[in-house]
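Structure first, then comments.
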Amino acid sequence: MFEARLLRSSILKKVLEAIKDLLTQATFDCDDSGIQLQAMDNSHVSLVSLTLRADGFDKYRCDRNISMGMNLASMSKILKCAGDKDTVTMKAQDNADTVTFVFESPNQEKVSDYEMKLMNLDLEHLGIPETEYSCTIRLPSAEFARICRDLSQFGESMVISCTKEGVKFSASGDIGSANIKLAQTASVDKEEEAVVIEMDEPVTLTFACQYLNYFTKATSLSPQVQLSMSADVPLVVEYRIQDIGHIRYYLAPKIEEEDS
Amino acid sequence: MSTTRNQRKPKPFNSPCAPVAPKRIENSWILLLPDHLFENDNFSIITLPHPANGNPAKFSLNSKLKKIYEVVTFKEPYRSWFIGETVKSNGSIHLVTPVNPLFLVLPRLRELCRSRAMPLEDLLSEKGFEKIVDYVNNLDCIGDIKGSPDMKAYKYNEEKTLSWLEGKVRQLAGVLRSKNIHVTSAAASVTFVTSNICNQSVDEEFFLKYASGIISEYLESELIEQLEKRFDFKPDLIESVGKKRKSDTQQTMPNKKLKSETDEDIKHVLNDSNPSINDWKELKKQKPLTAKEKARQKAASGTKTISAFFSKK
């Protein structure tokens, strides 16, 4: 028996919004420590890794490890039926081929349950090595979303270059070029608005704008986003979800001198 | 039990007197192999998507000679085998025929590497393809190498592919001519000798069409069209040759069309030896891409695959 209860359905709704454009289906691996999801997008260029810890749930019970393959478009449809303040409970029997979502309104007057068929997905899991990154940049997530949106108008790829002066995002294309520089904030009034750069070595990498735009769908999950980069390894874009876990996106860098 | 009409002796059972348990007979099947595959210790049969239609098909590997063979099935009703003292009611016969690995890789390259380069190892990392990575060379015939040669990252090149296929067709047409294979329409007995001996009068184009028909059995329909355009065949001729070929193949080569009907049987028979049979279903589902997915693929062009960085668990 698997049962996980969240007081606010909005977290799960936002998580789905954050992954459903990138992935069509994914496996939720549940064990007694929590729920994990790892999946590559169809083009195998990026990887999504989601962790929701058991202690972050209002109630969490997982007798036996289960993996539930879900069609994310269908799951998203179901979650749209839940009100933001509703309590959501995910339930599944051991070896079940369906999962049940129960939504309860705050005053317990309305209870709705939705059953969804599970899929048998045979997805490969990748081992992600612990890496010491040369640069980590923390910035307000809305700021990052804005930068990605603005720069994607100029070109398909975005260069992120981190030096000791700060971090520079740039793109160029038919209409011209754009550069956005961010320096470390000197005085921090609010931690959420700070730009913090930790750098051992300068790094410059190129990424597909569109993928970064997909990642910023997670903006509502966290006020801050952390970018980690090292030369010739994938970029990590991490959004922490308060009290319960995080969502990490990995994006492979573009190959240089590619004919465009 | 049905009668057997077959004259050939099954090779794997050379000593007909040897007692074989009936249970084993039930789970066995008849496979004709060249000798050198017998010497191969780790002879194995694997499942890969068929290059023409993506349906699962069986292939066997010779790790010594680095060759891939396609397992083709020939089956007629009312056919059984005598094995030792028992009768096996399934009278189908399986043969192995060599196949160029490039044909197997081609659909995958066309699918994934149209707009971006991908290392060979990543390209062949799924769906059973990982087993044939070592067998593939000459990828230059159908793609361009990008980046450093060590990485072996290739991008699909249609022009090169068509030239390569054209070469294959011409080569095959030459073989057909030298072996006096009957390629024009209307049925003919194998033993029937026409007055115009040696097909000399038969137009070169008939051979080419016949050859391209054979090659096309390993190509996706889109590519077949391209290839036909390249040879500029007249449509009516293609049709008549195509029809002819269907009735003729039984004499000249094992019939691929029959194979799809008997897939079920192979599956059944192979079930004992091959635990990974569940792959069959998965290989079948391939949905067309939505506009969103296409846009994403376009955006992904020029990016390395993420699995190049992270090892598989």
Worksheet item: Within region A:100-192, which GluC sites (Glu not before Pro) sit in a loop by DSSP and count at most 14 neighbouring Cβ atoms inside 10 Å?
Response: A:GLU109, A:GLU124, A:GLU130, A:GLU132, A:GLU165
Worksheet item: Along the positive direction of the dipole of chain A (beta-carbon charges: Lys, Arg +1; Asp, Glu -1; about the Cα centre), which of A:TYR250, A:CYS135, A:ILE147 reaches farthest?
Response: A:ILE147
Practice prompt. Of the listed pairs A:LYS20/B:LYS58; A:LYS117/B:LYS304; A:LYS117/B:LYS131; A:LYS59/A:LYS117, which have alpha-carbon separations greater than 31 Å here?
Written response: A:LYS20/B:LYS58; A:LYS117/B:LYS304; A:LYS117/B:LYS131
Item to complete: Using a 1.4 Å probe and ignoring any ligands, DNA or RNA, find the accessible area of A:MET68 and quote it in Å² to the nearest 10.
Response: 0
Worksheet entry | Dipole magnitude of region A:2-117 about its Cα centre (Cβ charges: Lys, Arg +1; Asp, Glu -1), debye to nearest 20 | 280
Worksheet, complete the sentence: For region B:101-156, shape from the Cα gyration tensor axes a ≥ b ≥ c, cut at a/c of 1.5 then a/b versus b/c, turns out rounded
Item to complete: With only Lys, Arg, Asp and Glu charged, each at its Cβ (+1 for the first two, -1 for the last two), find how big the charge dipole of region B:101-156 is about the Cα centre; round to the nearest 20 debye.
Response: 260
Discussion item. Could you work out [θ]222 nm for chain A from helices alone, using -39500 (n - 2.57) per DSSP H run of at least four and dividing by all its residues? Round to the nearest 500 deg cm²/dmol.
Written reply: -4000 deg cm²/dmol
Worksheet entry | Total charge dipole magnitude, region A:84-209, about the Cα centre, Cβ charges on Lys, Arg, Asp, Glu only, Debye to nearest 20 | 480
Discussion item. Counting each pair of different Cα atoms once, what's the Kirkwood radius of region A:135-251 in Å, rounded to one decimal?
Written reply: 14.3
Fill in: Rounded tilt (10° steps) of A:9-19 against the dominant C-alpha axis of chain A
50
Worksheet, complete the sentence: In a Gaussian network model of chain A with springs linking alpha carbons closer than 10 Å, the residue among A:TYR114, A:TYR239, A:TYR133 that fluctuates most is A:TYR114
Item to complete: List, in order, the whole-Hz ³J(HN,Hα) value for each residue of region A:128-144 obtained from phi through the Karplus relation with A = 6.51, B = -1.76, C = 1.60 and θ = phi - 60°; use x for Gly and Pro.
Response: 9, x, 5, 10, 8, 8, 5, 9, 10, 10, 10, 8, x, 5, 5, 5, 5
Practice prompt. Could you run the numbers on buried accessible area between B and A, total for both chains, 1.4 angstrom probe, in Å² to the nearest 100?
Written response: 2900
Worksheet item: Averaged over A:41-50, how many beta carbons belonging to a partner chain fall within 10 Å of each residue's beta carbon?
Response: 6
Worksheet item: Hey, got the average number of other protein chain Cβ atoms within 10 angstrom for residues in A:155-162?
Response: 1
Worksheet item: Which whole-angstrom value gives the distance between the alpha carbon centres of region A:204-260 and region A:113-178?
Response: 3
Practice prompt. Whole number please: convex hull volume per residue, Cα atoms of chain A, in Å³.
Written response: 144
Discussion item. Pairs of alpha-carbon atoms within less than 8 angstrom and 6+ residues apart define the contacts here; what relative contact order does chain A have, in percent?
Written reply: 20
Worksheet item: How large is ³J(HN,Hα) for each residue in region B:214-223, as worked out from phi by the Karplus curve 6.51 cos²θ - 1.76 cosθ + 1.60 (θ = phi - 60°), to whole Hz, x for Gly and Pro?
Response: 5, 4, 4, 5, 10, 10, 6, 4, 4, 6
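The values are calculated or read from the model by the stated rules, or taken from the named source; none is laboratory data. This is a predicted model, so every value here is computed, not measured. Every residue, glycine as well, gets a Cβ built from its backbone with ideal geometry; the counts of neighbours run over all protein chains shown. With ligands, DNA and RNA removed, areas are computed over all heavy atoms of the protein, side chains included. Shrake-Rupley method; radii C 1.70, N 1.55, O 1.52, S 1.80 Å.
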